[in-house]
1. Suppose we filter Lys214, Lys160, Lys153, Lys210 for residues that are under 22 Å from Leu87 (Cβ atoms) and free of Cβ contacts under 8 Å to residues at least 60 places away in the same chain; which single one remains?
2. Considering region 179-192 alone, what residues qualify as being more than 23 Å from Tyr82 (Cβ to Cβ), touching a strand residue (DSSP E or B) at 6+ places or on another chain (Cβ under 8 Å) and not hydroxyl-bearing (Ser, Thr, Tyr)?
3. So which residues in region 129-141 are touching a strand residue (DSSP E or B) at 6+ places or on another chain (Cβ under 7 Å) and either outside any loop (DSSP other than H, G, I, E, B) or without any contact (Cβ under 8 Å) to a residue 60 or more places away in the chain (or both), if there are any at all?
4. Out of Thr165, Thr149, which single residue is polar (S, T, N, Q) and more than 22 Å from Gly36 (Cβ to Cβ)?
5. Within region 180-198, which residues are assigned to a loop (DSSP other than H, G, I, E, B) and either small (Gly, Ala, Ser) or closer than 14 Å to Ala131 by Cα (or both)?
6. Going by what's in this entry, would Gly104 be described as in contact with a strand residue (DSSP E or B) (Cβ under 7 Å, 6 or more places away or on another chain), over 15 Å from Ile211 (Cα atoms), touching a residue at least 12 places away in the same chain (Cβ under 8 Å) and not aromatic (Phe, Trp, Tyr)?
7. Could you give me the residue pairs with C-beta distances under 8 Å whose first residue belongs to region 30-56 and is under 15 Å from Ala180 (Cβ atoms), whose second residue is of a type in the set (S, T, N, Q) and at pLDDT 85 or above wherever it lies, and which are 6+ apart or on separate chains?
Amino acid sequence: MHKESYSLKKKYSAGSQMWFSEENTFDKNLRRSGCGVIALHDLAQYKGYIKQPKERDDYMEQVRKMKRGGMYIVPRLGIAPYYYPLLCDQYLIRHGVNLRVGWGHSARNQLKKKAADIKALLEQDYPVIFAAGPRIPFLFKDKVIPMYTEDLKPMKQTVKSHYMTAIAVIEEGDEIWIKAASWGYIYCMKLKDIVSYSKYTYPLTTRFYKIYEKKGRK
């Protein structure tokens, strides 16, 4: 296992990979476009605003309640990155959660600056929600982000049009890796691959959101 340069203060647990290991379950969940809801749920859970579920059914019921509570998604389209922070904050305010999701920065920023932004949030113990935005159709439909195991070995799977949560940064020489979580899975991506992918998506849709707590609210 490679040493993490920056990571969360406690173990990140967002369900169990075994809960989604049944044949096609992972892909079906992604096709339902619930990844943006999952990212917000897991952030709120990590920060102690949602109780840690013990079973898959408990986890999914929490997610369903979040959808019914204001995290509306468009079938097959999901939640557009442009209004994702607004939808998140609307839900969080309605349910008295002190967390807020800010617009953050586009992934097209300079690599070292982007890494510094992510590190700063991780040092404050905030999992960082980020979006691999939708690709411009017909022109760049083959563009994806390569995925790697926690040992930084290549995987067959790739990422596109998906919300994830950054939980650590790994620095290996000049290479900067983002360790991410989604649907109980943990995997790594090169930050430069995320930046490269952003060139083929709609403007400003591939981005890392700013996470913070609203002080003085109960």
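The values are calculated or read from the model by the stated rules, or taken from the named source; none is laboratory data. Computed from a predicted structure; not experimentally measured. Note that we place each Cβ from the backbone using ideal geometry, even for glycine, and neighbour counts take in every protein chain shown.
1. Lys160
2. Selection gives Lys179, Ala181, Ile186, Cys188, Lys190, Lys192.
3. Residues satisfying the conditions are Ile129, Phe130, Ala131, Ala132, Arg135, Lys141.
4. Thr149
5. Gly184
6. So Gly104 fails the test.
7. Going by the 8 Å Cβ cut-off, the qualifying pairs are Ala39/Thr165; Asp42/Thr165; Leu43/Thr165.
Residues are listed down the side, and each one gets a yes or a no for (1) buried (at least 22 other Cβ atoms within 10 Å of the Cβ); (2) touching a Gly at 6+ places or on another chain (Cβ under 6 Å):
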| position | (1), (2) |
| --- | --- |
| Gly173 | no, no |
| Ala180 | yes, no |
| Tyr185 | no, no |
| Asp193 | no, no |
| Tyr197 | yes, no |
| Thr206 | yes, yes |
| Tyr209 | yes, yes |
| Tyr212 | no, no |
| Lys215 | no, no |
